[in-house]
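Inspection log for the structure reproduced underneath, given as structure tokens.
Only the coordinates and a few stated rules stand behind these numbers; no lab work does. As the structure is a computational prediction, the values presented were derived from the model and not from experiment. All Cβ positions, glycine included, derive from the backbone under ideal geometry; neighbour counts span all protein chains shown.
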Amino acid sequence: MKRDSFTVAFTVGAYGIAFGAAAIANHFTVAQACVLSLLLFSGASQFAVVGVMGAGGSAVSAIATSTLLGTRNALYGLRLAPILNHRGMKRILGAQITIDESTGVALAQSTDEEMRKGFWFTGIGVFIFWNIFTVLGALGAKAIGDPSAWGLDAAVPAAFLGLLWPRLKARETWAVAGAAIILSLSLTPFVPAGVPIISCALISIIVGWRK
Amino acid sequence: MSPGWIAVIGASVLAFALKYIGSSIPQSWLAHSRIQRINTLVPIALLSALVAVQTLTDKTKFVLDQRAAGVAVAIAALIAKAPFPVVVVGAAITSALICNFK
């Protein structure tokens with residue numbers, strides 16, 4: 001299980017390079033990229049902050065998109081709470097590393113003891129590697145100058161696609177994805193940047209509610 | 001404070017609040033199956049919208065440029081079960097080649 005945690009932590013952490021570079025490409029500073037990885041620490045939400053603002057969206061729409069993407073972490077915390085049973089400082093640290101990967105490894109274990117270990121090893125491991133690779137990606141992108149001038153700008157949507165892909169399983173998920181693509185593109189000419197993206201949360205609420 | 005820092009700090013504070021609230025509220029609150037389903041679908045809708053908007057628009061206009069080619073390569077890489085860094089780097093190199101040599 002420790003080896004699982006390490007493998008997950010290293011491979012996921014390495015995506016931090018893509019995040020660091022994307023932050024710089026969207027005109028964020030190295031310091032801002034690092035603060036996002038240290039404090040926000042949730043990949044999809046971090047990409048959303050830099051992606052939405054890079055596309056001309058306001059700080060408010062960047063925060064709203066990031067926060068909507070972060071709601072799943074609350075449900076992970078809820079799911080893990082009776083197993084982890086943390087109090088005080090440990091609950092604060094545990095909350096910070098409650099993300100897709102730490103939850104995924106924890107829930108794959110068979111005993112409570114292993115679940116706790118899986119959660120902490122994976123969460124701390126991803127945190128360490130994600131932050132190291134964020135610095136490397138940001139400094140690397142900074143070194144080559146403005147990455148968007150090089151035409152590297154497909155990296156950010158490709159990163160979103162990579163985060164989306166494993167979630168597309170049932171027919172319903174493909175339908176939601178298709179509807180979100182159509183709605184966001186149709187709204188783009190008429191509303192401020194960022195709003196078309198947040199609006200798509202409605203699709204998930206309608207579909208999830210009705211069934 | 002610049003808009004960039006407002007977004008960085010605001011998003012970070014709210015992200016932590018969500019993580020912490022989840023570990024602190026009574027189990028029964030969110031156990032409803034509707035909430036679970038919506039929770040699974042929210043990231044799918046938002047990530048799909050982000051892919052579409054970041055690939056095919058610039059400000060408020062539709063644009064078909066090197067990014068679409070890059071994302072097409074990313075889709076091919078994902079279908080071939082390539083790892084995440086290959087997907088991202090493949091897309092970036094494709095768009096860079098088209099942008100610089102068209």
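By count of other Cβ within 10 Å, fewest leading, how are A:Met115, A:Met53 ordered?
Listed from fewest to most nearby Cβ atoms, that is A:Met115, A:Met53.
Work out from phi, with θ = phi - 60° and the Karplus expression 6.51 cos²θ - 1.76 cosθ + 1.60, the ³J(HN,Hα) of each residue of segment A:120-130, listed in order in whole Hz, and give x for Gly and Pro.
Here the 3J(HN,Hα) series is 5, 4, 5, x, 5, x, 4, 4, 5, 5, 4 Hz.
Residue by residue, what Karplus-based ³J(HN,Hα) values in Hz, rounded to whole numbers, does segment A:8-20 have, using 6.51, -1.76 and 1.60 with θ = phi - 60° and x for Gly and Pro?
Result, rounded to whole Hz: 4, 4, 6, 5, 5, x, 5, 4, x, 4, 4, 5, x.
Give me the one-decimal nm value for the distance between modelled label points at A:Asp146 and A:Ala175, 7 Å along each residue's Cα-to-Cβ direction.
Result for the modelled spin labels: 4.5 nm.
So which of A:Lys117/B:Lys81; A:Lys117/A:Lys169; A:Lys90/A:Lys169; A:Lys142/B:Lys59; B:Lys19/B:Lys61; A:Lys117/A:Lys142 end up more than 31 Å apart by C-alpha?
Those over the limit are A:Lys90/A:Lys169; B:Lys19/B:Lys61; A:Lys117/A:Lys142.
Computed over the Cα atoms, what is the radius of gyration of segment A:2-116 divided by 2.2 N^0.38 Å, N being its residue count?
Relative to the rule-of-thumb radius for its length, segment A:2-116 sits at 1.16.
Collect residues whose amide H, placed 1.01 Å from N in the peptide plane, falls under 5 Å from the amide H of B:Thr57; neighbours closer than 5 in sequence don't count.
B:Val63
Within a 10 angstrom radius of the beta carbon, how do A:His86, A:His27, B:His32 rank from fewest other beta carbons to most?
B:His32, A:His27, A:His86
For a bin width of 10 Å, list the pair-distance distribution of segment A:107-184 built from all Cα-Cα distances, rounded to whole %.
Percent of Cα pairs in each bin: 14, 25, 28, 28, 6, 0.
What's the FRET efficiency of B:Lys81 with A:Leu202 using the Cβ-Cβ distance as r and R₀ = 30 Å, to the nearest 0.05?
Efficiency computed from Cβ-Cβ geometry: 0.40.
Among A:Val49, A:Phe127, B:Ile25, whose Cα sits farthest toward the positive end of the charge dipole of the protein assembly as shown (+1 at Cβ of Lys/Arg, -1 at Cβ of Asp/Glu, about the Cα centre)?
B:Ile25
Using only the alpha carbons of the protein assembly as shown, what is the convex hull's orientation-averaged projected area in square nanometres?
For the Cα atoms of the protein assembly as shown, the hull's average projected area reads 15.6 nm².
Can you give me the P(r) profile for segment B:1-77? Cα pairs, bins 5 angstrom wide beginning at 0, each as a whole percent.
Over segment B:1-77, the share of Cα pairs per 5 Å bin runs 3, 11, 11, 15, 16, 14, 14, 10, 5, 1 percent.
Obtain the nm distance between the two label points defined at B:Trp29 and A:Ile182 by a simple spin-label model: each point lies 7 Å from its Cα along the Cα-to-C-beta direction.
Distance between label points: 3.6 nm.
Before anything else, pin down the relative contact order of chain B: Cα pairs under 8 Å, at least 6 apart, normalised by residue count, whole percent.
17
Give the Rg (one decimal place) followed by the Dmax (whole number) of segment A:36-93, computed from C-alpha coordinates and expressed in Å.
13.9, 42
Please work out the Kirkwood hydrodynamic radius for segment A:154-194, using every pair of different C-alpha atoms, and report it in angstroms with one decimal place.
About 11.5 Å, per the Kirkwood formula over Cα pairs.
Give the relative contact order (percent, whole number) for segment A:77-138; include only Cα pairs under 8 Å separated by 6+ residues.
30
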